[in-house]
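Notes follow the structure.
The values are calculated or read from the model by the stated rules, or taken from the named source; none is laboratory data. Just so it is clear, the structure is predicted and the values come from calculations on it, not from any experiment. All Cβ positions, even for glycine, are placed from backbone atoms using ideal geometry, and neighbour counts span all protein chains on display. Heavy atoms of the whole protein, side chains included, go into the accessibility calculation; ligands, DNA and RNA do not. Shrake-Rupley method; radii C 1.70, N 1.55, O 1.52, S 1.80 Å.
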Amino acid sequence: IRLPKERRMIRVSVCLPLYNGLPYLKEQIHSILEQLGPNDEVVISDDGSTDGSGAWLTSLNDPRIHLLTGLPARHPSYNLEKALYAAKGEFILLADQDDLWLPGKVDQMLEALQHHTLVVHDCSVTDERLHIKVPSFMADHGSGPGFWKNFTKNS
C-alpha cells in the first residue's frame, strides 16, 4: 500500500489504546520513545481514564505523543481502532498499555517489515515487578505459522 505523500512524512506510528494505565505507562512510554526518531509518533487513544494518565502524558510535552481524548470508545477494540484511524505513519506498530518494549524492538520490526506485510512477534509475560512468569507467550499458547492454523484459531 502506498500512502499519500503527506502521510508518509511520519515513518513509524505506535498505536496504543489506554484506559487507567498510569501504573505501567511511565516505563512503557519511555521504552517506546527512546526507540523512535523525531519524525515518528505515538498515537494514544484514551478511553476516559480517571487515574491521571492523560495529565501525565501531556506533562511530557513531547511532540511525538498524540493523545486522543473526547468521546470514549467504551471497548478496547474500538479504542484501538480510534488510534489506528489517527495514525499517519508509513509503518504501524501496536502496543498494549502494559507493554514494556525491549531495546532494538523498533529496528527489528522495521527490518522484518521490509520483507513482509505483517509481522507478529513473541513476548515474555511478566508480573508487575517484571519477573518472567511465561518466557514465551507463543509457546504457551501453541502459536505457529500458517494461514489456516491462525484463521481457525488465532493464538
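All conditions in (1) free of Cβ contacts under 8 Å to residues at least 40 places away in the same chain; (2) open to solvent by 60 Å² or more (accessible area, probe 1.4 Å) hold for LEU100, with the sole exception of (1). Kindly indicate whether LEU93 is within 22 Å of TYR24 (Cβ to Cβ), modelled with pLDDT of 90 or more, in a strand (DSSP E or B) and not β-branched (Val, Ile, Thr). When the stated conditions are applied, LEU93 passes them. Within segment 96-109, the set of residues being in a helix (DSSP H, G or I) and more than 14 Å from the chain's Cα centre (by Cα) comprises ASP107, GLN108. Within segment 125-147, the set of residues being open to solvent by less than 60 Å² (accessible area, probe 1.4 Å), within 18 Å of TRP101 (Cβ to Cβ) and part of a loop (DSSP other than H, G, I, E, B) comprises ASP127, SER136. Within segment 21-76, being among the aliphatic types (A, V, I, L, M), in a loop (DSSP other than H, G, I, E, B) and crowded, with 16+ Cβ neighbours inside 10 Å holds for LEU36, ALA73.
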